[in-house]
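S.K.: Can you keep this structure in mind? I'll have questions shortly.
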Amino acid sequence: MRGITTAIRFAAAIAAALLGGSASVLAEDNYPSRPIHIIVPYPAGGIVDIVARAVTEQVGRDFKQTVVVEARPGGNSNIGTSAVARSEPDGYTWLVTGPAVLVNPDLYNDAGWTAAKDFRCVGLAVWNQSVALVHPSMPVKTIGEFVELARKQPGVFNFGNPGTGSSIDLSAQKLFQVAGIKLTNVGYKGQPQALIDLMTNLMHFEIVSLELALPHIKAGSVKPLAVFTEKRVADLPDVPTIAEAGFAEAAYVPWYGIYVPSATPTPLLTKINAAISKALENPDVQRQLSLANIPGKPMSLDELAVLMKTDQEKLTTVIKTAGMALQ
């Protein structure tokens with residue numbers, strides 16, 4: 001009798017496993033069958049939020065499923081990022097963020113995740129193009145002239161930093177290292193307030209996302225010195241790239257990616273990656289991103305994995321060289 005009972009239990013266990021496996025396959029085949037939750041770990045209305053909506057809302061239209069974009073700022077993007085790292089790996093919670101996801105574990109003791117261990121990048125949303133700015137009263141016309149001025153007066157000029165470990169901060173630190181200059185860091189909770197202080201001459205130097213800076217450049221409120229792009233920007237044809245200005249080693253162009261928890265099943269990763277690539281090729285999405293001067297680029301999962309690894313190594317070196325201590 002005991003043998004029969006054991007056999008029944010064993011058969012039941014196998015049946016449950018088979019049914020569970022079938023349910024899992026069915027869930028993957030039917031994906032997405034409910035709304036997808038997008039977390040942006042930065043304030044609503046910012047560059048990352050704009051990018052997230054432009055790309056993921058098109059994904060929702062293609063999937064014929066609701067996409068909910070939630071801005072969850074705080075902790076220099078750590079709060080929203082760690083929430084996604086802890087979420088169920090079922091394809092229904094995505095993260096849209098910049099290089100902070102790669103470097104914050106090296107900057108904050110309580111970040112709550114490790115990029116390589118806890119995340120898979122499933123799409124490259126955009127390259128974040130930016131521009132180096134000074135107040136119009138600054139007696140320089142080029143980034144080279146500003147560097148010479150800063151070398152003669154180390155620590156005298158200040159830099160409006162919109163967030164430790166942000167793409168802007170990392171671009172600036174790379175430039176400072178290559179140029180051999182030291183500026184006094186002044187922290188802000190985002191780019192808008194820092195830019196206001198630059199326009200009122202409270203800050204001396206900033207690197208600002210191109211979309212945010214362009215209206216103020218055209219109004220003459222700030223002076224552009226160089227763009228952090230591979231080619232010159234059509235709206236600023238007379239402003240050289242940072243490489244053309246003589247600082248090619250500082251020509252880092254950060255990117256915003258779309259991530260899911262690393263344990264997400266491979267079939268879902270493939271499906272999500274294909275959907276994001278399709279959205280990036282949509283004319284309306286391309287138009288929205290071109291207005292912000294932040295074009296997207298479809299990439300495979302393998303290409304994204306290489307990009308993650310390469311950039312993490314590159315940016316970790318920047319952090320160590322800059323002596324950026326754990327927070």
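S.K.: Return the residues of the stretch 172-191 that are out of contact with any Gly (no Cβ under 8 Å at 6 or more places or on another chain), surrounded by fewer than 23 Cβ atoms within 10 Å (Cβ to Cβ) and touching a residue at least 60 places away in the same chain (Cβ under 8 Å); say none if nothing qualifies.
M.R.: Phe176, Gln177, Val178, Ala179 - these are the residues of the stretch 172-191 that are out of contact with any Gly (no Cβ under 8 Å at 6 or more places or on another chain), surrounded by fewer than 23 Cβ atoms within 10 Å (Cβ to Cβ) and touching a residue at least 60 places away in the same chain (Cβ under 8 Å).
S.K.: Quick one: in the stretch 202-242, of everything that is modelled with pLDDT of 95 or more, out of contact with any strand residue (DSSP E or B) (no Cβ under 6 Å at 6 or more places or on another chain) and of a type in the set (Gly, Ala, Ser), which residue is surrounded by the most Cβ atoms within 10 Å (Cβ to Cβ)?
M.R.: Per the criteria, the residue is Ser221.
S.K.: Does Gly165 count as on the phi > 0 side of the Ramachandran plot and crowded, with 20+ Cβ neighbours inside 10 Å?
M.R.: Spelling it out, Gly165 is indeed on the phi > 0 side of the Ramachandran plot and crowded, with 20+ Cβ neighbours inside 10 Å.
S.K.: Of all residues in the stretch 140-157, which are part of a helix (DSSP H, G or I), open to solvent by less than 30 Å² (accessible area, probe 1.4 Å) and aliphatic (A, V, I, L, M)?
M.R.: Result: Ile143, Val147, Ala150.
Listed here are the residues, each with its yes/no results for (1) touching a residue at least 40 places away in the same chain (Cβ under 8 Å); (2) within 18 Å of Ser166 (Cβ to Cβ); (3) part of a strand (DSSP E or B); (4) open to solvent by less than 10 Å² (accessible area, probe 1.4 Å).
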position: Ala111; (1), (2), (3), (4): no, yes, no, yes
position: Lys117; (1), (2), (3), (4): yes, no, no, no
position: Arg120; (1), (2), (3), (4): yes, no, yes, no
position: Gly123; (1), (2), (3), (4): yes, no, yes, yes
position: Val126; (1), (2), (3), (4): yes, yes, yes, yes
position: Met138; (1), (2), (3), (4): yes, no, no, no
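S.K.: Scan the stretch 258-302 for residues that are in a helix (DSSP H, G or I), at pLDDT 95 or above and open to solvent by 40 Å² or more (accessible area, probe 1.4 Å) and jot them down.
M.R.: If the condition is that a residue be in a helix (DSSP H, G or I), at pLDDT 95 or above and open to solvent by 40 Å² or more (accessible area, probe 1.4 Å), then Thr266, Pro267, Thr270, Lys271, Ala274, Lys278, Asp302 are the ones that fit.
The values are calculated or read from the model by the stated rules, or taken from the named source; none is laboratory data. Since the model is a prediction, treat every value here as computed from it, not as a measurement. Heads up, the Cβs are rebuilt from the backbone with ideal geometry, glycines too, and the neighbour counts pull from every protein chain shown. Note: areas computed on protein heavy atoms with side chains; ligands, DNA, RNA excluded. Shrake-Rupley method; radii C 1.70, N 1.55, O 1.52, S 1.80 Å.
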